[in-house]
Amino acid sequence: MDIKVWMYLVYLTVSIGLTVWVARALTRNGLVFLEEVFADERLARAVNNLLVVGFYLLNLGYVTVAMKHPDPVGSTAQAMEELSLKIGLVLLVLGALHFFNVFALGRYRRGRLRQLATHPPLAPAGRLPAPPAPRGPYPPAAGPQLGSTAAHGAQPGAGPSAPPAR
């Protein structure tokens, strides 16, 4: 057999083996995480199975598309270099898929926990005091200022029982 055929066989064997191993590890260990995310064991198992099927389809599809090597392979060293590049890309795809799933499910979990929370994470410490009303010989600005008593309809310096200004 040609050295290129051996390279393809080793590539397929290693890539499919890695895909099956990672999928089994993710299925076994991811179920606990999914039960926490969804708070429903039956839903978690269903989502776990769907994620594994999608994982197999995406990764094995990538493995078969990336298998082709257009240039001739002249030596065993060149075959090993090409093989390491192809298997390295498979590992990067596996890692990217894994981190994307964990990121998306983690965001979903945080949102669900936020919706279930009955109180804010921290109690309010108090209110900020309103700034004092400006006093001085100058007339007030054209419009009411934020925090001033003029914004609330009262005149500066007037008490609560003072008649309105004419």
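Scan the stretch 91-102 and give yes if some residue there is part of a helix (DSSP H, G or I), over 27 Å from the mean Cα position of the chain (by Cα) and surrounded by 12 or more Cβ atoms within 10 Å (Cβ to Cβ), otherwise no.
Taking the stretch 91-102 first, the residues part of a helix (DSSP H, G or I) are 91-102.
Narrowing the set further to residues that are over 27 Å from the mean Cα position of the chain (by Cα) leaves none.
No - not one qualifying residue is present in the stretch 91-102.
Considering only residues that are more than 25 Å from the chain's Cα centre (by Cα) and not hydroxyl-bearing (S, T, Y), which ones fall in the stretch 32-75?
Listed by number, the residues that qualify are V63, V65, A66, M67, K68, H69, P70, D71, P72, V73, G74.
Condition first: aromatic (F, W, Y) and within 19 Å of G88 (Cβ to Cβ). Can you find one or more residues in the stretch 24-33 that meet it?
no
Of everything in the stretch 106-149 that's at pLDDT below 75 and surrounded by 10 or more Cβ atoms within 10 Å (Cβ to Cβ), which residue is farthest from A39 (Cα to Cα)?
P140
Restricting attention to the stretch 17-33, which residues are at pLDDT below 85 and either surrounded by 13 or more Cβ atoms within 10 Å (Cβ to Cβ) or assigned to a loop (DSSP other than H, G, I, E, B) (or both)?
Those that are at pLDDT below 85 and either surrounded by 13 or more Cβ atoms within 10 Å (Cβ to Cβ) or assigned to a loop (DSSP other than H, G, I, E, B) (or both): L26, G30, F33.
From the list A130, A44, exactly one residue is outside any helix (DSSP H, G or I), among the hydrophobic types (A, V, I, L, M, F, W, C), without any contact (Cβ under 8 Å) to a residue 60 or more places away in the chain and farther than 18 Å from L18 by Cα. Which is it?
Exactly one residue qualifies, and that residue is A130.
Scanning for something closer than 30 Å to T76 by Cβ, crowded, with 17+ Cβ neighbours inside 10 Å and either out of contact with any strand residue (DSSP E or B) (no Cβ under 6 Å at 6 or more places or on another chain) or among the polar types (S, T, N, Q) (or both), does the stretch 34-43 turn up at least one residue?
There is no residue in the stretch 34-43 that is closer than 30 Å to T76 by Cβ, crowded, with 17+ Cβ neighbours inside 10 Å and either out of contact with any strand residue (DSSP E or B) (no Cβ under 6 Å at 6 or more places or on another chain) or among the polar types (S, T, N, Q) (or both).
Somewhere in the stretch 40-63, is a residue over 14 Å from V93 (Cβ atoms), modelled with pLDDT under 85 and out of contact with any Phe, Trp or Tyr (no Cβ under 7 Å at 6 or more places or on another chain)?
no
Looking only at the stretch 76-91, decide whether some residue is modelled with pLDDT under 85, among the basic types (K, R) and within 19 Å of S15 (Cα to Cα).
No, the stretch 76-91 contains no residue that is modelled with pLDDT under 85, among the basic types (K, R) and within 19 Å of S15 (Cα to Cα).
The values are calculated or read from the model by the stated rules, or taken from the named source; none is laboratory data. Since this is a predicted model, take the numbers as computed values, not measurements. In this analysis, Cβ positions are derived from the backbone assuming ideal geometry, glycine residues included, and neighbour counts consider all displayed protein chains.
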